[in-house]
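Colleague: Once you've had a glance at the structure underneath, I'll fire off some questions.
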Amino acid sequence: MASSPPKIDQRTYEEIVEQTENLVQKFTDWKPTTEGKTDAAGALIRIFSRMVNSVSDRLNQVPEKNFLAFLNLIGGQLTPPQPAKVPLTFYLAEGSPVDGLVAAYTQVSAPPAEGSEEEIVFETDRELVVTTTQLQGVFVREPSQDRYRDCT
């Protein structure tokens, strides 16, 4: 999907722990330990928060599941994932006396997309030769119409 639906519960695990600790302190005389160790109440709070976080994650998936059910109802189908294709250009080193060979499945990376730190990796799907030959002209032949044209 192009955009993800909004989350129903946007709290993180840490926020749930903090909120639960505040509520427990408000309604009981419990105080968190200062030595960095967790007592029994603190452990129960973290277990509870983990369970709430798990339920929250499942709840946040409901809008997407409803959307998929709607698409199924109207006969839509998800397209299976396909690898991205992009035209790549390879150049020989300046003054290279021989042609170069780019092996099949050679990986090439693109700079990361805006807001991302991960590079995008592509790979060639077949072997290709990088040649020193310079293109001088391009002619297109159309046998069905008995003609050709110069496209340079």
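The values are calculated or read from the model by the stated rules, or taken from the named source; none is laboratory data. Just so it is clear, the model here is predicted, and its values are computed rather than measured. Heads up, the Cβs are rebuilt from the backbone with ideal geometry, glycines too, and the neighbour counts pull from every protein chain shown.
Colleague: Which of the numbered conditions does GLY95 fail, given that it passes all the others? Conditions: (1) in contact with a helix residue (DSSP H, G or I) (Cβ under 9 Å, 6 or more places away or on another chain); (2) small (Gly, Ala, Ser); (3) in a loop (DSSP other than H, G, I, E, B).
Modeller: Failed condition: (1).
Colleague: Give me the residue from region 1-42 that is outside any loop (DSSP other than H, G, I, E, B) and among the small types (Gly, Ala, Ser) and, out of that set, farthest from GLN61 (Cα to Cα).
Modeller: Per the criteria, the residue is ALA40.
Colleague: Right, another one. How many residues does region 36-90 contain that are within 30 Å of VAL102 (Cα to Cα) and of a type in the set (Val, Ile, Thr)?
Modeller: Here the count works out to 2.
Colleague: Let me ask you something else. Quickly run through region 60-93 and pick out the residues that are of a type outside the set (D, E, K, R) and under 20 Å from ASP125 (Cα atoms). Before the answer, list the steps.
Modeller: If we filter region 60-93 for residues that are of a type outside the set (D, E, K, R), which is where we start, we get 60-63, 66-84, 86-93.
Listed by number, the residues that qualify are PRO80, PRO81, GLN82, PRO83, ALA84, VAL86, PRO87, LEU88, THR89, PHE90, TYR91, LEU92.
Colleague: Yes or no: region 117-125 includes at least one residue that is among the acidic types (Asp, Glu) and surrounded by fewer than 10 Cβ atoms within 10 Å (Cβ to Cβ).
Modeller: Pass one, region 117-125, residues among the acidic types (Asp, Glu): 117-119, 123, 125.
Narrowing the set further to residues that are surrounded by fewer than 10 Cβ atoms within 10 Å (Cβ to Cβ) leaves 117-118.
For region 117-125, residues among the acidic types (Asp, Glu) and surrounded by fewer than 10 Cβ atoms within 10 Å (Cβ to Cβ): present.
Colleague: State all residues of region 1-21 that are surrounded by 10 or more Cβ atoms within 10 Å (Cβ to Cβ) and either touching a strand residue (DSSP E or B) at 6+ places or on another chain (Cβ under 8 Å) or farther than 30 Å from PRO80 by Cβ (or both); if no residue qualifies, say none.
Modeller: Of everything in region 1-21, those that are surrounded by 10 or more Cβ atoms within 10 Å (Cβ to Cβ) and either touching a strand residue (DSSP E or B) at 6+ places or on another chain (Cβ under 8 Å) or farther than 30 Å from PRO80 by Cβ (or both) turn out to be ASP9, ARG11, THR12, TYR13, GLU14, GLU15, ILE16, VAL17, GLU18, GLN19, THR20, GLU21.
Colleague: Give me a count of the residues in region 7-30 that are aliphatic (A, V, I, L, M) and touching a residue at least 24 places away in the same chain (Cβ under 8 Å).
Modeller: The initial filter retains those residues of region 7-30 that are aliphatic (A, V, I, L, M), namely 8, 16-17, 23-24.
Filter again for touching a residue at least 24 places away in the same chain (Cβ under 8 Å), leaving 8, 16-17.
Final tally of qualifying residues: 3.
Colleague: So is LEU78 assigned to a helix (DSSP H, G or I) and either surrounded by 14 or more Cβ atoms within 10 Å (Cβ to Cβ) or free of Cβ contacts under 8 Å to residues at least 12 places away in the same chain (or both) or not?
Modeller: no
Colleague: Is at least one residue of region 51-74 without any contact (Cβ under 8 Å) to a residue 60 or more places away in the chain, among the basic types (Lys, Arg) and over 30 Å from GLN134 (Cβ atoms)?
Modeller: Scanning region 51-74 turns up at least one residue that is without any contact (Cβ under 8 Å) to a residue 60 or more places away in the chain, among the basic types (Lys, Arg) and over 30 Å from GLN134 (Cβ atoms).
Colleague: Within region 22-51, take every residue that is of a type in the set (D, E, K, R) and either exposed (fewer than 14 other Cβ atoms within 10 Å of the Cβ) or closer than 29 Å to ASN66 by Cβ (or both) and give me the one that is modelled with the lowest pLDDT.
Modeller: Within region 22-51, the match that is modelled with the lowest pLDDT is GLU35.
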